[in-house]
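Quick notes on the structure that follows.
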Amino acid sequence: LSGPSFAEEIMKGNPTTLVVASDELFQAVRIQKMLSNFKTVRVFTSDDPVGVQLGGALKNPLAVGAGMVSGMGFGTNTLSAMVTRASHELRQLCIAMGGNPRTIDGLAGMGDLMLTCFSSQSRNQRCGQRLMKGERVEDIQKNCTVEGIATADVAIVYADMCGLELPIFRCVHSLIHKKITPEEAVLDLMGRRSGKETKVLL
């Protein structure tokens, strides 16, 4: 079960959409019927648990990266570019891990990614901002859980397993572990060879 959903907003009764995935679609339909209330929560089904799990977990380090963008003092142009290209990397990883890339276009992918990258409610986004102000990961995690720290490591393990470059994931990971400076990260990403925006991924 995944999708763009801050618990506080669900509790307020704000309209929310989610996706529930199972290898056996009838199981997903069963949960869909249990959770949908036709007023505030609408649940869609998916037969791609791999894609839904990857989207739900790996949007977190990307949200840390979004916070880093803001923490460096950049604006909406930079943040929008980062989120768009990050979704492309997430789609590549989804395919390599056996998921359906169209899942990343949906609630568990772009939906959750936009929520966590653009909202100050996101712990991961706030963590990225704090890291760029010089705070240590250890100190930030004393007061709150930041899923993106651990899943940044997981993303790199998966990328290496699948032989994928994933430059945004790698820059975020390197910044978290202080292997590069913010200035080096910007130069690395902006200095990459230009090419065609969209490529055939399948």
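The values are calculated or read from the model by the stated rules, or taken from the named source; none is laboratory data. Because the structure is predicted, anything quoted here is derived from the model rather than measured. Here the Cβ positions follow ideal geometry from the backbone for every residue, glycine too, while neighbour counts run over all protein chains shown. These accessible areas exclude ligands, DNA and RNA; they are computed on the full protein's heavy atoms, side chains included. Shrake-Rupley method; radii C 1.70, N 1.55, O 1.52, S 1.80 Å.
Selection of region 93-142 for residues being among the hydroxyl-bearing types (Ser, Thr, Tyr) and touching a Cys at 6+ places or on another chain (Cβ under 9 Å) yields only Thr103.
Scan region 1-18 for residues that are open to solvent by 100 Å² or more (accessible area, probe 1.4 Å) and touching a residue at least 12 places away in the same chain (Cβ under 8 Å) and jot them down.
Those that are open to solvent by 100 Å² or more (accessible area, probe 1.4 Å) and touching a residue at least 12 places away in the same chain (Cβ under 8 Å): Leu1, Glu8, Pro15.
In summary, helices (runs of 4 or more DSSP H) completely within region 1-104 and bearing 3 or more residues that are of a type outside the set (A, V, I, L, M) occur at 25-35, 49-71, 76-96, 101-104. Looking across region 128-148 at every residue that is within 13 Å of Met72 (Cα to Cα) and in contact (Cβ under 8 Å) with a residue 24 or more places away in the chain, the one that is nearest to the chain's Cα centre (by Cα) is identified as Gly128.
Of the set (1) closer than 30 Å to Pro15 by Cβ; (2) modelled with pLDDT of 95 or more, all apply to Ser120 but (2). Report yes if some residue within region 108-130 is within 16 Å of Ser70 (Cα to Cα), open to solvent by less than 50 Å² (accessible area, probe 1.4 Å), of a type in the set (A, V, I, L, M) and in contact with a Lys or Arg (Cβ under 7 Å, 6 or more places away or on another chain); otherwise report no. There is at least one residue in region 108-130 that is within 16 Å of Ser70 (Cα to Cα), open to solvent by less than 50 Å² (accessible area, probe 1.4 Å), of a type in the set (A, V, I, L, M) and in contact with a Lys or Arg (Cβ under 7 Å, 6 or more places away or on another chain).
Among residues of region 105-120 that are farther than 13 Å from Ser46 by Cα, those with a beta-carbon under 7 Å from a residue that is open to solvent by 40 Å² or more (accessible area, probe 1.4 Å) and part of a helix (DSSP H, G or I) at least six positions away or on a different chain give the pairs Ser120/Arg126.
For Pro61, state whether it is without any contact (Cβ under 8 Å) to a residue 60 or more places away in the chain and more than 21 Å from Thr198 (Cβ to Cβ). When the stated conditions are applied, Pro61 does not pass them. Just one residue in the set Ala96, Ala63, Ala21, Ala86 is modelled with pLDDT of 95 or more and surrounded by fewer than 23 Cβ atoms within 10 Å (Cβ to Cβ); that residue is Ala96.
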